[in-house]
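Each reported figure results from applying straightforward, stated rules to the coordinates on display, with no laboratory input. Just so it is clear, the model here is predicted, and its values are computed rather than measured. Here the Cβ is made from the backbone with ideal geometry for all residues, glycine too, and neighbour counts use every protein chain on show.
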Amino acid sequence: MHQTLRTPPAVAALALAVFFFSTASGQVTKVGTTAATFLSIPVGARALGMGGAFVGVANDASAMYWNPAGIAPLVKTEALFSHADWIADIGFNYGGIVIPLHEFGTIGLNFTSMSMDDMERTTEDQPEGTGEMFSAGSLAVGVCYARSLTEWFSIGANIKYINEHIWNSTASGFAIDLGTLFQTPFDGLKFGAGISNFGQKLQMSGSDLSVLKDISPNNGNNPNVPAALTTDAFDIPLVLRIGFAYEPIVNEDEHLTLAVDAAHPNDNSESLNLGGEFTVLNELLALRAGYKALGALDSEEKYTLGGGVRYEFTPGMIAHVDYAYEQFGRLQSVHKFAITLQY
């Protein structure tokens, strides 16, 4: 059996990146200080199975989240849907479609949603519940465009609208994700970089913040003056990522990809994601493993495992079904499923 072995300089570059970024972890975090934290939840079972080390890989529809430049080289229309039963019985979904326009670039549409069961309202006077139910959830909808400027360099952007609601109050705004993908001169080594969630602060508003207030309790009788409470405006989870992907084995029967990402978020310390993917029988079967948030001070995320199968319905129409498991420390483990259609 013939197999292609990639050049040693690529291995050296990948090892250097791991060493450099593993020494950069900070000591102070700001966990819990941002709004729209659902934007930090990784999407796609394939990427999660690889430990979230996907910025330098970025070669399917989930690239709109990880690195928008990654959709530029795609040659087929691709649709993806992913679902996860997240911690605390939270439902998390991601969907997207990518359409190549050939010499005009590639466009994509995507959405991210987080939902939970209705909850009973409580007050100071009724801490056991009032009998009134309320809902909460989050949504982001994006439009993505990417283009290959040369055979080895691509750029991309994803512009999205973000909305969060709880009971009768909402917060909304816009943000942009930017990414680049570079095929290095070293055979089999790719480099990706991107910034996600660069945008407006979010501030809650709505009828829940309307109150009746006695503005001068010691002067006169005015106990029911309409007033409005205000909340602080919070940043969204801005993150800078850079990543390397290295393919030491590539042939029709086997394909091995190793990847490392370094992340610098605005609400946590720097960290590394490490992962790998091994496919056999012309990508019919895939096995994946990874380690998330290496170096992060306030993270329960740890090991990930995953796998997938590929099935060709008709010539040119292919389905991928993927699964990923994530160990979440003291919290419940996460299971994520995804299906991708290429045609």
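Some values worked out for this structure:
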item: Among residues of the range 200-209, those that are assigned to a strand (DSSP E or B) and under 25 Å from the mean Cα position of the chain (by Cα), counted; result: 1
item: Which listed residue is closer than 22 Å to Arg147 by Cβ, aromatic (Phe, Trp, Tyr) and in contact with a strand residue (DSSP E or B) (Cβ under 8 Å, 6 or more places away or on another chain), from Phe54, Phe111, Phe38; result: Phe54
item: Those residues of the range 61-71 which are under 18 Å from Phe92 (Cβ atoms) and of a type outside the set (Ser, Thr, Tyr), in sequence order; result: Ala61, Met64, Trp66
item: Odd one out for Gly290 among (1) closer than 21 Å to His335 by Cβ; (2) surrounded by fewer than 22 Cβ atoms within 10 Å (Cβ to Cβ); (3) of a type in the set (Gly, Ala, Ser); result: (2)
item: Residue satisfying condition, being without any contact (Cβ under 8 Å) to a residue 40 or more places away in the chain, surrounded by 17 or more Cβ atoms within 10 Å (Cβ to Cβ) and polar (S, T, N, Q), within set Ser299, Ser333; result: Ser299
item: Residue that is surrounded by the most Cβ atoms within 10 Å (Cβ to Cβ) [pool: residues in the range 73-82 that are under 16 Å from Arg46 (Cα atoms) and out of contact with any Lys or Arg (no Cβ under 7 Å at 6 or more places or on another chain)]; result: Leu80
item: Residue list for the range 289-323, filter: in contact with a Lys or Arg (Cβ under 7 Å, 6 or more places away or on another chain) and among the charged types (D, E, K, R); result: Lys292, Glu300, Glu301, Lys302, Asp322
item: Any pair with Cβ under 7 angstrom, 6 or more apart, that starts in the range 52-72 at a residue that is over 19 Å from Leu189 (Cβ atoms) and ends at one that is surrounded by fewer than 24 Cβ atoms within 10 Å (Cβ to Cβ) and among the charged types (D, E, K, R); result: none
item: Residue among Tyr323, Tyr311 that is crowded, with 18+ Cβ neighbours inside 10 Å and more than 19 Å from Tyr246 (Cβ to Cβ); result: Tyr323
